[in-house]
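The values are calculated or read from the model by the stated rules, or taken from the named source; none is laboratory data. Predicted model, so just to flag it, every value in this text is computed and none were measured. Here Cβ is always computed from backbone atoms with ideal geometry, including for glycine, and neighbour counts include all displayed protein chains. Surface areas here come from the heavy atoms of the whole protein model, side chains and all, with no ligands, DNA or RNA. Shrake-Rupley method; radii C 1.70, N 1.55, O 1.52, S 1.80 Å.
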There are 2 protein chains.
Amino acid sequence: MSVEDAPIGVFDSGVGGLTVAREIMRQMPDENIVYFGDTARVPYGNKSKTTILRFSRQIVSFLRTKQVKAIVIACNTASAHALDIIEKEQDIPVIGVIRAGARTAAAATENGRIGIIATRGTIDSGVYEEVLRHIDPGFQIFGKACPLFVPLVEEGLTHDFITEEIARRYVKDLQYKGIDTMILGCTHYPLLRSLLKKVMGDDVTLVNPAYETAVELLELLEQKGMRRKRQPGGPPAEYRFYVSDLAAQFQEFAGSILPYDVAETQQIDIESYGQETERGEK
Amino acid sequence: MSVEDAPIGVFDSGVGGLTVAREIMRQMPDENIVYFGDTARVPYGNKSKTTILRFSRQIVSFLRTKQVKAIVIACNTASAHALDIIEKEQDIPVIGVIRAGARTAAAATENGRIGIIATRGTIDSGVYEEVLRHIDPGFQIFGKACPLFVPLVEEGLTHDFITEEIARRYVKDLQYKGIDTMILGCTHYPLLRSLLKKVMGDDVTLVNPAYETAVELLELLEQKGMRRKRQPGGPPAEYRFYVSDLAAQFQEFAGSILPYDVAETQQIDIESYGQETERGEK
């Protein structure tokens with residue numbers, strides 16, 4: 001297999017990263033994709049850096065067995081805790097969703113006051129703040145953890161008054177701080193976009209890192225001469241989906257996000273990959 | 001160490017099982033306890049039987065290294081999916097929270113119409129129904145999955161009108177069916193007891209399996225001559241807490257449930273225990 005034909009590896013704690021995979025499919029319809037969703041250990045949001053790094057390394061080990069040419073960490077929590085380290089450990093490009101989201105927010109803001117809504121893990125990591133301050137030390141940055149959004153989305157309450165009430169409580173402080181730009185720092189949150197638009201009003205720009213991540217990936221592959229160009233009459237792009245738990249929920253939810261059949265989703269034993277930790281107590 | 005002095009192993013997907021540990025501490029204050037919370041892979045509620053069984057076997061392997069004399073599966077989902085199998089595989093007593101809860105509900109109901117609220121995994125397993133029908137085939141049993149209750153409890157919204165509104169939606173069908181007894185089939189739910197009491201009214205008996213599980217354990221240990229009797233002047237009961245992820249949340253939440261200091265909680269690499277599965281795709 002030529003490097004151009006090699007797939008792009010995309011992973012997330014579960015189904016949320018499919019919003020990123022969808023953007024890659026839209027912007028680069030010829031690219032092959034291998035998606036992994038860690039449905040046995042989802043969610044990552046409330047777990048520690050050590051744990052998320054161990055999970056991410058196992059997943060990268062698995063994706064490497066699929067000869068991926070690049071890896072997209074389509075999970076904000078994993079990008080926050082593991083991207084820097086994984087990037088150094090791997091000899092293929094690895095990108096996360098955070099820098100792309102931060103760059104777009106930096107370009108969008110007029111008053112320099114940027115809000116971030118995300119999981120507890122992403123907020124506590126301070127990573128968005130760090131990346132944004134690197135772009136402009138003058139930015140005022142305000143983060144808010146929203147742990148109920150993922151379960152509410154997964155219960156299908158994306159347009160419910162309960163979700164709206166919870167959203168109003170979560171963003172109250174950010175509104176009080178006068179932000180003009182808000183990063184949707186969790187891959188599930190774009191599914192709350194219209195509700196958040198209503199709550200935040202027209203004066204606040206909502207940034208969806210999934211879109212920008214696909215743009216960054218496209219540029220990177222172009223630059224390295226790694227884009228797949230489908231030959232006339234050649235095979236179309238191939239999408240393969242793997243999960244660590246084959247509960248029905250993945251397929252249901254995936255079906256609502258992607259215009260593809262994901263019935264062929266395969267389960268793998270993710271814990272058997274990249275085991276280099278010692279047994280026992282730490 | 002004599003068998004009486006050996007600890008009781010208690011495990012759960014996370015912190016919820018501490019409500020069961022607390023009952024054991026109250027009813028058997030002399031017993032030593034080793035608690036394991038699988039905080040790296042919490043929650044179990046939406047995951048498949050295969051995955052829950054694998055996780056449970058790893059945890060049992062770990063607890064056996066602590067020379068436990070008995071194991072309590074203090075998690076409804078794990079009891080539903082793994083108790084029968086683990087019980088056969090082990091040569092020490094293993095009990096779960098489900099039979100005790102079912103027996104109490106069976107004794108409490110007058111009209112034979114019993115409701116169960118629990119995670120998706122517990123409801124879909126049909127295990128409460130099976131155990132209740134074994135007691136009395138005439139029972140009418142109605143289950144309802146309540147996936148938002150655990151995150152709402154973990155956000156501290158145990159007395160919030162939002163939780164009440166969600167509870168009203170969840171239990172509407174059960175009320176319509178005329179149940180007179182409702183099992184709180186998830187270890188987090190006793191923390192919603194007063195709110196659920198308000199929503200269900202005085203005519204519905206709420207059953208908390210944690211209490212009954214401790215009663216069952218006490219009887220079992222008596223019967224097998226395995227009770228620890230503290231000697232006058234001898235060491236008090238010792239409690240040890242292990243987790244798979246050392247996020248701050250465990251200690252915060254544990255502090256709100258237990259009148260003990262759990263600052264000495266240790267993290268272990270649970271995935272390295274009981275690995276007998278093969279690497280690769282299934």
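For A:ASP136, place a label point 7 Å from Cα along the Cα-to-Cβ direction in every copy; what are the distances to the other copies, in nm, shortest first?
Ordered by increasing distance: 7.0 nm.
For A:GLN90, place a label point 7 Å from Cα along the Cα-to-Cβ direction in every copy; what are the distances to the other copies, in nm, shortest first?
Those separations, rounded to one decimal, come out as 3.9 nm.
Can you list which of the GluC sites (Glu not before Pro) found in region B:24-123 are DSSP loop residues with at most 16 other C-beta atoms within 10 Å?
Taking region B:24-123 and a limit of 16 other Cβ atoms within 10 Å, the loop GluC sites (Glu not before Pro) found are B:GLU110.
Using only protein heavy atoms and a 1.4 angstrom probe, determine the accessible area buried between A and B, summed over both sides, in Å² to the nearest 100.
What A and B bury together is about 3900 Å².
Enumerate the amide H contacts of A:THR39 below 5 Å, restricted to partners 5 or more residues apart or on another chain; note that Pro and chain-start residues carry no placed amide H.
Amide H neighbours of A:THR39: A:SER244, A:ASP245.
Say R0 is 25 Å: what FRET efficiency, to the nearest 0.05, do A:ARG26 and A:GLU164 get from their beta-carbon distance?
So the FRET efficiency works out to roughly 0.30.
Roll a 1.4 angstrom probe over the protein heavy atoms and tell me the percent of accessible area of region B:78-130 that is carbon or sulfur.
Taking all protein chains in place, region B:78-130 shows 43 percent carbon and sulfur surface.
By a straight-distance test (C-alpha under 21 Å), which lysines pair with B:LYS69 as possible cross-link partners, with residues fewer than eight away in the same chain excluded?
Qualifying lysines at Cα under 21 Å: B:LYS88, B:LYS224, B:LYS229.
Out of the DSSP beta bridges found with both residues in the protein assembly as shown, what percent are antiparallel (nearest 5)?
If we restrict to bridges inside the protein assembly as shown, about 5 percent are antiparallel.
Using DSSP to define loop residues, name the GluC sites (Glu not before Pro) in region A:236-271 whose beta-carbon has at most 11 other beta-carbon atoms within 10 Å.
Answer by residue number: A:GLU238, A:GLU264.
Would you mind estimating how fast the protein assembly as shown diffuses translationally, via Stokes-Einstein at 10 °C and 1.306 mPa s with the Kirkwood radius over Cα pairs, in µm²/s?
64
Direction-averaged shadow area of the convex hull around the Cα atoms of region B:225-269, nm²?
4.8
Taking a probe of 1.4 Å, how large is the accessible area per residue of chain A, in Å²?
Heavy-atom SASA per residue in chain A reads 40 Å².
Could you tell me the largest-minus-smallest coordinate of the C-alpha atoms of chain A on each of the three principal axes, in descending order and whole angstroms?
Largest first, chain A extends 54, 48, 36 Å along its Cα principal axes.
Along its three principal axes, how long is region A:29-90 when you only count alpha carbons? Whole Å, largest extent first please.
36, 25, 19
Given contacts defined as C-alpha pairs under 8 Å and at least six residues apart, what's the relative contact order of chain B, whole-number percent?
Answer for chain B is 27 percent.
Starting from 0.36 nm per residue, how many nanometres of slack lie between A:SER2 and A:GLU252 once their C-alpha separation is accounted for?
Going from the current span to full extension adds 86.6 nm.
Using a/c under 1.5 as the rounded threshold, could you call region A:114-252 rounded, prolate or oblate? The axes a ≥ b ≥ c are square roots of the C-alpha gyration tensor eigenvalues, and prolate needs a/b larger than b/c, oblate otherwise.
Oblate shape, in that a/c is at least 1.5 and b/c is the bigger or equal ratio.
Provide a list, ordered by number, of residues in region B:144-161 showing at least 30 Å² less accessible area with every protein chain present than when their chain is taken on its own, using a 1.4 Å probe.
Residues shielded by partner chains are B:LEU148, B:PRO151, B:GLU155, B:PHE161.
Could you give the distance between the Cα centres of region A:210-225 and region B:45-117, to the whole Å?
About 48 Å separates the Cα centre of region A:210-225 from the one of region B:45-117.
Of all accessible surface on region A:208-248 at a 1.4 Å probe, what whole percent is carbon and sulfur?
On region A:208-248, the fraction of accessible area on carbon and sulfur atoms equals 51 percent.
On average, how much area does the Cα convex hull of region B:41-179 cover when viewed from any direction, in nm²?
9.5
With r as the distance between the Cβ atoms of A:SER194 and B:SER194 and R0 = 25 Å, compute the FRET efficiency 1/(1 + (r/R0)^6) and round to 0.05.
0.10
A:SER61 label points, 7 Å along Cα→Cβ, one per copy: pairwise distances from this copy to the rest in nm, shortest first?
Between copies, matching label points for A:SER61 lie 1.4 nm apart.
Can you tell me which of A:GLY14, A:GLY156, A:GLY233 moves the most in a GNM of chain A? Springs connect C-alpha atoms under 10 Å apart.
Judging by the Gaussian network model, the answer is A:GLY233.
Pick from A:THR65, A:THR119, A:THR205 the residue whose mean-square fluctuation is largest in a GNM of chain A, springs joining Cα atoms under 10 Å.
Of A:THR65, A:THR119, A:THR205, the most mobile in the Gaussian network model is A:THR65.
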